[in-house]
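Have a look at the structure below, then the notes.
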Amino acid sequence: MKTNRRDFIKISTLAGVTLAGESVAGATHKSTTPEAKAPAFNMSGYAAPKIETVRIGFIGLGNRGPGAVERISKIDGVEIKALCDIRREKAEDANKLLEKTPHKPVLYSGGEDEWKKVCERKDIDLIYIATPWRLHTPMALYAMEHGKHAAVEVPAALTLDECWQLVDTSERTKKHCVMLENCCYDFFELLTLNMARQGYFGEIVHAEGAYIHHLLDSNFSKTKYYDMWRLKENLRNGDLYPTHGLGPVAQALNVNRGDRMDYLVSVSSNDFQMAAMAKELAATDAFYKPYENKTFRGNMNTTTIRTVNGKTMMIQHDVTSPRPYSRIHLVSGTKGTALKYPEPPRISNSHEGWLSDEEFKALETKYAPPIVTRVGEMAKQIGGHGGMDFLMDWRLIDCLRNGLPMDMDVYDAAAWSSVAPLSEKSVASRSASVDVPDFTRGAWKSNIPVDVQLLKGGNTRVRL
Ligand SMILES: NC(=O)c1ccc[n+]([C@@H]2O[C@H](COP(=O)([O-])OP(=O)(O)OC[C@H]3O[C@@H](n4cnc5c(N)ncnc54)[C@H](O)[C@@H]3O)[C@@H](O)[C@H]2O)c1
């Protein structure tokens with residue numbers, strides 16, 4: 001596929017596919033001074049014109065995409081116009097999910113660049129992207145350049161240069177670039193965000209998040225991910241997937257809206273599992289030969305971020321250890337603490353221990369976020385990681401239909417995604433501290449925090 005990425009360099013070639021990434025040690029991306037430039041426009045808090053019926057094209061219909069197609073088909077005020085996957089059968093399978101609905105999308109498949117035709121259509125408002133990581137930024141850019149809002153799976157970008165390209169393009173085109181960080185819409189995360197806003201935790205001093213998910217077998221599976229893309233990404237060393245843990249705590253700390261990430265330090269363990277698995281598989285199956293003798297990501301990465309206002313966040317990434325799933329989600333303030341994982345979640349307001357189940361339930365009722373009161377039960381029925389995926393999709397569509405600012409704007413997409421390349425850089429230099437760019441170019445000081453009260457909108461209906 002042709003891309004216009006300026007710092008596209010080869011870091012590894014496996015099975016005929018070139019991986020793209022930023023050079024890690026002594027990175028030389030070309031956007032070293034974009035912070036100094038005046039912003040073209042501030043997309044934070046920007047209300048794009050209302051769209052009565054949001055016409056959508058989906059790109060990427062593997063494990064993740066079809067669920068989004070099905071969920072969004074249950075929201076009023078949308079029209080699914082296009083389904084695209086390079087593999088025909090994936091587009092057809094996703095289309096079957098729409099058989100009993102009024103949606104009659106055109107299918108696009110076959111060529112590496114077929115997706116461009118979807119972005120080029122005149123009758124589409126939103127491009128929803130769930131492809132392998134290296135395609136996220138090129139697709140989101142092309143969508144915005146062709147007058148579409150872009151909703152892109154996590155992470156939105158792989159390099160700092162890509163992060164800046166997203167920011168610059170969103171500002172210039174005034175098209176939203178929303179990173180689909182569904183974990184910001186999980187029920188406990190929404191509850192703690194609302195509690196944080198109302199001061200329950202006092203001043204938040206420290207927060208933690210993580211992506212600890214045993215994907216060792218999936219990553220080495222021949223069929224789980226298209227063209228082994230996810231295994232190939234694991235040749236980079238850092239926190240490759242920071243946003244599930246980071247997004248919710250960054251919102252609780254008002255990152256990009258009153259505070260911002262200043263610098264980080266990152267440390268990785270050795271790899272004790274991936275190279276060994278590659279070697280073991282390659283011994284009996286030539287398919288795995290290209291992965292033999294490669295250097296894989298250190299199994300546990302721990303990144304600590306300090307904000308300008310003096311808060312800290314600890315973010316971990318481990319997709320190989322046989323541990324129960326965890327995103328940690330710790331919010332620790334001067335007056336209270338919240339912690340999820342292990343489940344059930346807990347809240348405390350002293351050092352003496354966690355609140356009882358009854359006290360927890362009372363807080364859950366008192367601080368219930370309006371989005372949960374309004375569509376939480378329907379979201380649970382429709383599902384998608386227990387309902388959070390639906391809450392995210394519904395909010396995205398409701399904001400577009402009502403012309404409201406996005407909960408997660410392009411600055412969040414860039415800042416949260418940037419932790420991956422920045423952690424790589426820190427890891428490669430014995431955990432030296434690395435500055436986090438100010439993607440808002442100073443606007444963080446006056447940007448308004450995310451609306452958790454659903455002050456506007458909220459009128460988009462759902463069909464069960
Ligand atoms: N937010 C979440 O909870 C969550 C969960 C799972 C996956 N994801 C993200 O979703 C994305 C997709 O992951 P997945 O597990 O579905 O991977 P996948 O490999 O199953 O799906 C990717 C799809 O993209 C298609 N594709 C590849 N190149 C293409 C091209 N040039 N044009 C059109 N289609 C193309 C592939 O055929 C494949 O069907 C990733 O970014 C992943 O991180 C997010």
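The table that follows gives values for the structure above.
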| item | result |
| --- | --- |
| Contacts under 6 angstrom Cβ, first residue in segment 212-227 being touching a residue at least 40 places away in the same chain (Cβ under 8 Å), partner in a helix (DSSP H, G or I) and within 10 Å of the ligand (Cβ to nearest atom), 6 or more apart | Asn219/Arg230; Lys224/Ser218 |
| Flag if Trp416 is on the phi < 0 side of the Ramachandran plot, open to solvent by less than 20 Å² (accessible area, probe 1.4 Å) and either modelled with pLDDT of 95 or more or hydroxyl-bearing (Ser, Thr, Tyr) (or both) | yes |
| Matching option when the condition is of a type outside the set (Lys, Arg), open to solvent by 20 Å² or more (accessible area, probe 1.4 Å) and closer than 29 Å to Arg87 by Cα, among Thr243, Thr223, Thr159 | Thr223 |
| Contacts under 9 angstrom Cβ, first residue in segment 354-376 being without any contact (Cβ under 8 Å) to a residue 24 or more places away in the chain, partner part of a helix (DSSP H, G or I), 6 or more apart | Trp354/Phe360; Leu355/Ala362; Leu355/Leu363; Lys366/Met195 |
| Tabulated pairs, segment 267-282, first under 25 Å from Val434 (Cβ atoms), second in a helix (DSSP H, G or I) and modelled with pLDDT of 95 or more, C-beta under 8 angstrom, 6+ apart or interchain | Val267/Ser426; Val267/Val427; Ser268/Val427; Met274/Leu216; Met274/Asn219 |
| Selection from segment 49-98 of residues that are more than 23 Å from Cys399 (Cβ to Cβ) and open to solvent by 70 Å² or more (accessible area, probe 1.4 Å) | Asn63, Arg88, Glu89, Glu92, Asp93, Lys96 |
| Single condition Val319 does not satisfy, out of (1) farther than 26 Å from Trp133 by Cβ; (2) open to solvent by less than 10 Å² (accessible area, probe 1.4 Å); (3) not small (Gly, Ala, Ser) | (1) |
| Test: residue in segment 342-364 that is closer than 25 Å to Tyr211 by Cβ and within 16 Å of the ligand (Cβ to nearest atom) | no |
| Members of segment 106-133 that are part of a loop (DSSP other than H, G, I, E, B), open to solvent by less than 40 Å² (accessible area, probe 1.4 Å) and either at positive phi or near the ligand (Cβ under 9 Å from one of its atoms) (or both) | Ser109, Gly111, Ala130, Thr131, Pro132 |
| Number of the condition not met by Ile212 [criteria: (1) open to solvent by less than 10 Å² (accessible area, probe 1.4 Å); (2) away from the ligand (no atom under 16 Å from the Cβ); (3) farther than 23 Å from Lys380 by Cα] | (2) |
| Only listed residue being over 30 Å from Arg134 (Cα atoms) and β-branched (Val, Ile, Thr), chosen from Thr192, Thr173, Thr159 | Thr192 |
| Residues within segment 44-85 that are in contact with a Lys or Arg (Cβ under 9 Å, 6 or more places away or on another chain) and of a type in the set (Asp, Glu), tallied | 3 |
| Residue in segment 54-80 that is farthest from the ligand (Cβ to nearest atom), counting only those that are part of a strand (DSSP E or B) and not β-branched (Val, Ile, Thr) | Glu79 |
| Residue that is farthest from Gly209 (Cα to Cα), among those in segment 377-389 that are within 15 Å of the chain's Cα centre (by Cα) and open to solvent by less than 10 Å² (accessible area, probe 1.4 Å) | Asp389 |
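The values are calculated or read from the model by the stated rules, or taken from the named source; none is laboratory data. As the structure is a computational prediction, the values presented were derived from the model and not from experiment. We place every Cβ from the backbone using ideal geometry, glycine too, and count neighbours over all the protein chains shown. Just so you know, the surface numbers come from the protein's heavy atoms only, side chains and all, with ligands and any DNA or RNA stripped out. Shrake-Rupley method; radii C 1.70, N 1.55, O 1.52, S 1.80 Å.
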